[in-house]
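Some notes on the structure that comes next.
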Amino acid sequence: MKALLVIDMLVDFIDEKGALSVGPAGQKIVPFIKERIEEFRKNGHPVIFICDNHEKNDKEFDMFPAHCIAETAGARIIDDLDVNDEDKIIRKRRYSAFFGTDLDLYLREKGVDELYLVGVCTNICVLYTAADARNLAYNVNIYKDGVASFDEKANDFALKEAENTLGCRII
């Protein structure tokens, strides 16, 4: 079975006034992601929203500006993407959706062996989620029209790395 991971489509990353906004590249992928969500739901496949969610004093803020702080508006899934009762929300504190979460357990309970990734940032959370997924023996597909980053070159590098090193399929 396959599942869609919607990675970090949160106010702080997508809204132009977000604390760590990806900018127009992040906003551009929203319609594509909405279509994939509808497609997966229609076909009875799990849709999982992966949400960056930090404490106020998180060590990640030594590298990046404070963002997606738990229980703030910036940590919310953007309004353009609706979450329904069948969807799963996984909150994470690090780049990978697998690190310190129950994502792997949830996927295995559902019988999922193939993942489709969309979201931001391609060279950070998408790439590290893909790496952990491959290390856990999942087949991984990344929609190139469904991912974005702060930097187009970093985005392109991450897609090549995912394909050439990790064995992900870029579609």
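Here is a check on your reading of the model: is residue 73 surrounded by fewer than 20 Cβ atoms within 10 Å (Cβ to Cβ), closer than 23 Å to residue 151 by Cα and either touching a strand residue (DSSP E or B) at 6+ places or on another chain (Cβ under 7 Å) or not aromatic (Phe, Trp, Tyr) (or both)?
It is false that residue 73 is surrounded by fewer than 20 Cβ atoms within 10 Å (Cβ to Cβ), closer than 23 Å to residue 151 by Cα and either touching a strand residue (DSSP E or B) at 6+ places or on another chain (Cβ under 7 Å) or not aromatic (Phe, Trp, Tyr) (or both).
From 1, 9, grab the single residue that is crowded, with 20+ Cβ neighbours inside 10 Å and touching a residue at least 24 places away in the same chain (Cβ under 8 Å).
Numbers: 1 fails: crowded, with 20+ Cβ neighbours inside 10 Å.
Being crowded, with 20+ Cβ neighbours inside 10 Å and touching a residue at least 24 places away in the same chain (Cβ under 8 Å) holds for just one of 1, 9, which is 9.
Among the residues of the stretch 151-171, how many are part of a loop (DSSP other than H, G, I, E, B) and in contact with a helix residue (DSSP H, G or I) (Cβ under 8 Å, 6 or more places away or on another chain)? Steps first, answer last, please.
Here is the first cut: in the stretch 151-171, the residues part of a loop (DSSP other than H, G, I, E, B) are 151, 165-168, 171.
Then keep just the ones that are in contact with a helix residue (DSSP H, G or I) (Cβ under 8 Å, 6 or more places away or on another chain); that gives 151, 166-168.
Count: 4.
Does residue 137 satisfy the criteria of being part of a helix (DSSP H, G or I) and either of a type outside the set (Lys, Arg) or touching a His at 6+ places or on another chain (Cβ under 7 Å) (or both)? Let's see the steps before the verdict.
Values: part of a helix (DSSP H, G or I): no; either of a type outside the set (Lys, Arg) or touching a His at 6+ places or on another chain (Cβ under 7 Å) (or both): yes.
No: the conditions fail for residue 137.
Kindly list, by first and then second residue, each pair from a residue in the stretch 93-109 that is closer than 15 Å to residue 7 by Cα and free of Cβ contacts under 8 Å to residues at least 60 places away in the same chain to a residue that is among the aromatic types (Phe, Trp, Tyr) and outside any loop (DSSP other than H, G, I, E, B), limited to pairs with Cβ atoms under 9 Å and residues at least 6 apart or on different chains.
94/128; 95/128; 96/128; 98/128; 99/128
Take residue 43 and tell me if it is on the phi < 0 side of the Ramachandran plot, without any contact (Cβ under 8 Å) to a residue 12 or more places away in the chain and either touching a strand residue (DSSP E or B) at 6+ places or on another chain (Cβ under 9 Å) or loosely packed, with under 12 Cβ neighbours inside 10 Å (or both).
Details: on the phi < 0 side of the Ramachandran plot: yes; without any contact (Cβ under 8 Å) to a residue 12 or more places away in the chain: yes; either touching a strand residue (DSSP E or B) at 6+ places or on another chain (Cβ under 9 Å) or loosely packed, with under 12 Cβ neighbours inside 10 Å (or both): yes.
Criteria met by residue 43.
Can you tell me which of 99, 64 is within 24 Å of residue 24 (Cα to Cα), part of a loop (DSSP other than H, G, I, E, B) and aromatic (Phe, Trp, Tyr)? First the steps, then the outcome.
Working: 99 fails: within 24 Å of residue 24 (Cα to Cα).
Unique residue meeting the criteria: 64.
Can you tell me which residues in the stretch 119-128 are among the aliphatic types (A, V, I, L, M) and crowded, with 24+ Cβ neighbours inside 10 Å?
Of the stretch 119-128, the ones among the aliphatic types (A, V, I, L, M) are 120, 124, 126-127.
Result: 120, 126, 127.
Residue check: is residue 123 in a loop (DSSP other than H, G, I, E, B) and closer than 18 Å to residue 9 by Cβ?
no
Restricting to the stretch 15-40, count the residues that are of a type in the set (D, E, K, R), surrounded by 13 or more Cβ atoms within 10 Å (Cβ to Cβ) and assigned to a loop (DSSP other than H, G, I, E, B).
Qualifying residue count, the stretch 15-40: 1.
A short reminder: the numbers here are calculations on the coordinates, not readings from a lab. Computed from a predicted model, the values in this text were never measured in an experiment. All Cβ positions, glycine included, derive from the backbone under ideal geometry; neighbour counts span all protein chains shown.
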